[in-house]
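Colleague: Have a look at this one.
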Amino acid sequence: MTNHAQPPADPYQDVPTTVVFDEFSETATTLTGLHNSRSKGAATAEEREEWWDKVMALRNARRAVPAHDRDQLIAHIARWTRVIEELESSERG
């Protein structure tokens with residue numbers, strides 16, 4: 001049986017919270033850009049609105065997370081990074 005090490009709960013354990021917040025902001029900005037781009041390139045008004053709703057939901061989530069709450073910052077970074085990877089993967093086909 002192979003021993004698979006679990007990633008640490010805080011992948012930023014040696015990094016100040018201010019830097020984690022910067023990563024959080026940067027990840028949110030990247031995802032917002034992807035959602036906005038898809039909204040602008042949508043084939044229908046309904047699809048455009050769906051992507052724009054995601055932009056607004058992301059903005060609201062970003063505003064709701066306190067800058068000092070490492071756990072929430074890290075959870076959002078992980079979640080948003082997965083979405084970014086999925087969107088970028090789907091663009092490549």
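The values are calculated or read from the model by the stated rules, or taken from the named source; none is laboratory data. Because the structure is a prediction, the values reported are computed rather than measured. Quick reminder, even Gly has a Cβ in these numbers, built from the backbone with ideal geometry, and neighbours come from all protein chains shown. The protein model used for the area step is the full one, side chains on, heavy atoms only, and it has no ligands, DNA or RNA in it. Shrake-Rupley method; radii C 1.70, N 1.55, O 1.52, S 1.80 Å.
Colleague: Only residues that are more than 30 Å from PRO16 (Cβ to Cβ), surrounded by fewer than 11 Cβ atoms within 10 Å (Cβ to Cβ) and not polar (S, T, N, Q): list them for the stretch 37-93, please.
Modeller: Within the stretch 37-93, LYS40, GLY41, ALA43, ALA45, GLU46, GLU91, ARG92, GLY93 meet the criteria.
Colleague: If you take the residues in the stretch 15-36 that are open to solvent by less than 40 Å² (accessible area, probe 1.4 Å) and of a type in the set (A, V, I, L, M), which one is nearest to GLU88 (Cα to Cα)?
Modeller: By that ranking, first place goes to LEU34.
Colleague: Could you list, in sequence order, the residues of the stretch 11-29 that are assigned to a loop (DSSP other than H, G, I, E, B) and acidic (Asp, Glu)? Don't jump to the end; show me each part of the working.
Modeller: First pass over the stretch 11-29, keeping only residues assigned to a loop (DSSP other than H, G, I, E, B): 11-16.
Of everything in the stretch 11-29, just one residue is assigned to a loop (DSSP other than H, G, I, E, B) and acidic (Asp, Glu), namely ASP14.
Colleague: State all residues of the stretch 36-51 that are part of a helix (DSSP H, G or I) and over 17 Å from ILE84 (Cβ atoms); if no residue qualifies, say none. Let's see the steps before the verdict.
Modeller: Here is the first cut: in the stretch 36-51, the ones part of a helix (DSSP H, G or I) are 36-40, 45-51.
Correct list: LYS40, ALA45, GLU46, GLU47, ARG48, GLU49, GLU50.
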